[in-house]
Amino acid sequence: MHTVWKGAISFGLVHVPVKMFTATEDKDVHFRSIHKDCGTPISNKRTCLHCDKEVGLDEIAKGFEYEKGKFVLFNEEELEALKPESARVIQILDFVDLTDIDPLYYQKAYYLSPDMAGAGAYSLLLEAIKQTGKIGIAKISIRSKSSLAAIRVVGNCLCMETMHYPDEIRSIAHVPNLPDQVNVNEKELQMAKMLIEQLSETFDPEKYTDDYRIAMLEAIQHKIAGESVDIIAAPAAGRTNVIDLMAALQASLEAAKTPPAAPKSKRKSPAKKPKEIVS
């Protein structure tokens with residue numbers, strides 16, 4: 001696993017050095033935009049519509065649009081200065097019950113492992129959380145973004161899940177067509193509850209699969225195996241110079257091995273020159 005963050009968990013006076021690893025991975029089937037005529041992938045360029053030219057990274061600044069068409073600019077140094085001093089610390093603020101947290105708040109999960117000589121403190125925090133059944137609510141900054149986070153135990157590992165702040169959760173008052181009052185038929189409600197009971201069982205994540213992704217991968221393999229008309233190869237753009245260079249180097253080596261031709265004798269030259277002048 002690739003380390004995405006390195007720092008420490010802090011609760012009270014306890015300091016636990018940890019490394020962070022992404023707990024999930026994207027397995028969606030991703031497609032690239034291809035020029036159908038030649039098979040070349042389409043590139044996305046940074047262009048300025050006003051100047052009608054491509055813009056280099058050194059010409060780009062971060063801008064916040066405070067009014068339509070008006071921006072306030074920040075450079076990297078200014079943004080770096082705004083980062084909290086605790087950017088390398090997961091600071092646990094409170095401990096709460098798991099049932100207190102609505103899943104709506106959760107974002108992305110990470111695994112935390114002990115770093116350097118922090119195994120003892122790591123095990124202490126892990127066991128304390130496990131035995132109390134609590135979850136730590138913390139603050140953390142990752143890639144210039146501050147997040148709330150929940151620290152909990154998964155097996156013998158501390159797991160951190162980033163969370164939305166309350167003002168990032170949209171109010172259900174903005175959801176259209178919600179009923180003001182819930183009116184249901186009592187018999188229909190009883191039957192619905194019975195159906196739920198019949199379908200209820202212990203959660204087993206292994207029984208659920210991404211059917212669409214599986215079907216997409218099978219379709220890709222069928223096209224490859226059948227060498228369908230939809231198979232296209234991009235031209236070897238940019239390799240011509242490399243091949244020419246190799247050919248030139250090879251020719252140079254061959255030329256270096258070939259002994260130079262013997263120079264023509266200069267004795268015959270004086271005899272020819274008078275004849276050419278006379279004619």
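The values are calculated or read from the model by the stated rules, or taken from the named source; none is laboratory data. All of these numbers come straight from a predicted model, not from anything done at the bench. Counting neighbours? That spans all protein chains shown, and the Cβs are built from the backbone with ideal geometry, glycine included.
Those strands (runs of 3 or more DSSP E) of the stretch 7-89 in which at least 3 residues are in contact with an Asp or Glu (Cβ under 9 Å, 6 or more places away or on another chain), considering only elements entirely within it, cover 14-22.
Restricting attention to the stretch 92-138, the residues being of a type in the set (S, T, N, Q) and surrounded by 15 or more Cβ atoms within 10 Å (Cβ to Cβ) number 1. Of the residues screened, residue 245 is not one that is at pLDDT 90 or above, surrounded by 10 or more Cβ atoms within 10 Å (Cβ to Cβ) and out of contact with any Ser or Thr (no Cβ under 6 Å at 6 or more places or on another chain). Taking the stretch 93-109 as the range and being closer than 22 Å to residue 26 by Cβ, in a strand (DSSP E or B) and among the aliphatic types (A, V, I, L, M) as the test, only 109 passes.
Residues that are of a type in the set (Val, Ile, Thr) and in contact with a Leu (Cβ under 9 Å, 6 or more places away or on another chain) within the stretch 124-177 comprise 129, 135, 137, 140, 151, 153, 162, 169, 172, listed in sequence order. If only residues of the stretch 8-65 that are over 30 Å from residue 221 (Cα atoms) and of a type in the set (Phe, Trp, Tyr) are counted, the one that is surrounded by the most Cβ atoms within 10 Å (Cβ to Cβ) is 11. Answer with yes or no whether residue 143 is under 31 Å from the mean Cα position of the chain (by Cα), basic (Lys, Arg) and surrounded by 10 or more Cβ atoms within 10 Å (Cβ to Cβ). Criteria not met by residue 143.
Yes or no, residue by residue, for (1) within 30 Å of residue 119 (Cβ to Cβ); (2) part of a loop (DSSP other than H, G, I, E, B):
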site	(1), (2)
160	yes, no
180	no, yes
183	no, yes
195	no, no
198	no, no
203	no, yes
209	no, yes
215	no, no
221	no, no
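When the stretch 1-27 is filtered for residues that are charged (D, E, K, R) and within 18 Å of residue 126 (Cβ to Cβ), only 19 remains.
Residue count for the stretch 1-49 under the criterion of being within 30 Å of residue 117 (Cα to Cα) and touching a residue at least 24 places away in the same chain (Cβ under 8 Å): the result is 20.
Residue-wise test of (1) out of contact with any strand residue (DSSP E or B) (no Cβ under 7 Å at 6 or more places or on another chain); (2) within 29 Å of residue 26 (Cβ to Cβ); (3) not in a loop (DSSP other than H, G, I, E, B).
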position: 111; (1), (2), (3): no, yes, yes
position: 117; (1), (2), (3): yes, no, no
position: 120; (1), (2), (3): yes, no, yes
position: 124; (1), (2), (3): yes, no, yes
position: 127; (1), (2), (3): yes, no, yes
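Residue count for the stretch 51-65, restricted to those that are of a type in the set (Asp, Glu) and either farther than 15 Å from residue 76 by Cβ or modelled with pLDDT under 85 (or both): 3. Residue count for the stretch 146-190 satisfying the condition of being basic (Lys, Arg) and buried (at least 16 other Cβ atoms within 10 Å of the Cβ): 1.
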